[in-house]
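Below: one structure, written as structure tokens.
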Amino acid sequence: MGKGNALAAAATLGIVALFVVPGVAAAGNPGVCKSNKMCIYNDNDFSGLIDIPRDPGGGIRTVSSKDNDKMDSWENRTSSRGSWYYDANGGGDCVRMTENSEDNNINVFDSDELTSWRTDRGCS
């Protein structure tokens, strides 16, 4: 492959990378968050597991006081909707964890706000 072709191929790959759909579970941390589990993490990029990986169909769970207001990434490797809340027992603002998706760096407004979460439905 000539130098011009190599540059064109690299540029094409760069453009393709711009159009990858965010929120689709692919990379994440499969060593921790196995198939058909939901996981929440202390840090960006699926680091520092909070609580335990949970199965779909679980109700509300309030995290421990040491983990309160510390979540910065999550994974939902299930076909069920999950959600997390600003307050204990599913109170306060609710944020969806869409089925088969992930967020490796939640937005600045939601960062470090999780107090409880559920794996049995979304925010409805």
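The values are calculated or read from the model by the stated rules, or taken from the named source; none is laboratory data. The structure presented is a predicted model; accordingly, all values stated were derived computationally and were not measured. Note: ideal-geometry Cβ built from the backbone for every residue, glycine included; neighbour counts use all protein chains shown. For accessibility, only protein heavy atoms count, side chains too; no ligands or nucleic acids. Shrake-Rupley method; radii C 1.70, N 1.55, O 1.52, S 1.80 Å.
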So, first residue under 16 Å from G28 (Cβ atoms) and part of a loop (DSSP other than H, G, I, E, B) in the stretch 101-124, second residue open to solvent by 70 Å² or more (accessible area, probe 1.4 Å) and not basic (K, R), Cβ within less than 6 Å, six or more apart or across chains; the pairs are N104/D45
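Give the residue that is farthest from L114 (Cα to Cα), with candidates limited to residues of the stretch 76-103 that are out of contact with any Ser or Thr (no Cβ under 8 Å at 6 or more places or on another chain) and open to solvent by less than 60 Å² (accessible area, probe 1.4 Å).
As a first pass, look at the stretch 76-103 and keep what is out of contact with any Ser or Thr (no Cβ under 8 Å at 6 or more places or on another chain): 79, 83, 93, 98, 101.
From the residues that got through so far, the ones that are open to solvent by less than 60 Å² (accessible area, probe 1.4 Å) too are 83, 101.
Values: S83: 10, S101: 18 Å.
Filtering the stretch 76-103 for residues that are out of contact with any Ser or Thr (no Cβ under 8 Å at 6 or more places or on another chain) and open to solvent by less than 60 Å² (accessible area, probe 1.4 Å), the one farthest from L114 (Cα to Cα) comes out as S101.
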Output the number of residues of the stretch 25-44 satisfying the condition of being at pLDDT below 95 and closer than 14 Å to I106 by Cα. 1
Check on G31, in contact (Cβ under 8 Å) with a residue 60 or more places away in the chain and assigned to a loop (DSSP other than H, G, I, E, B): no
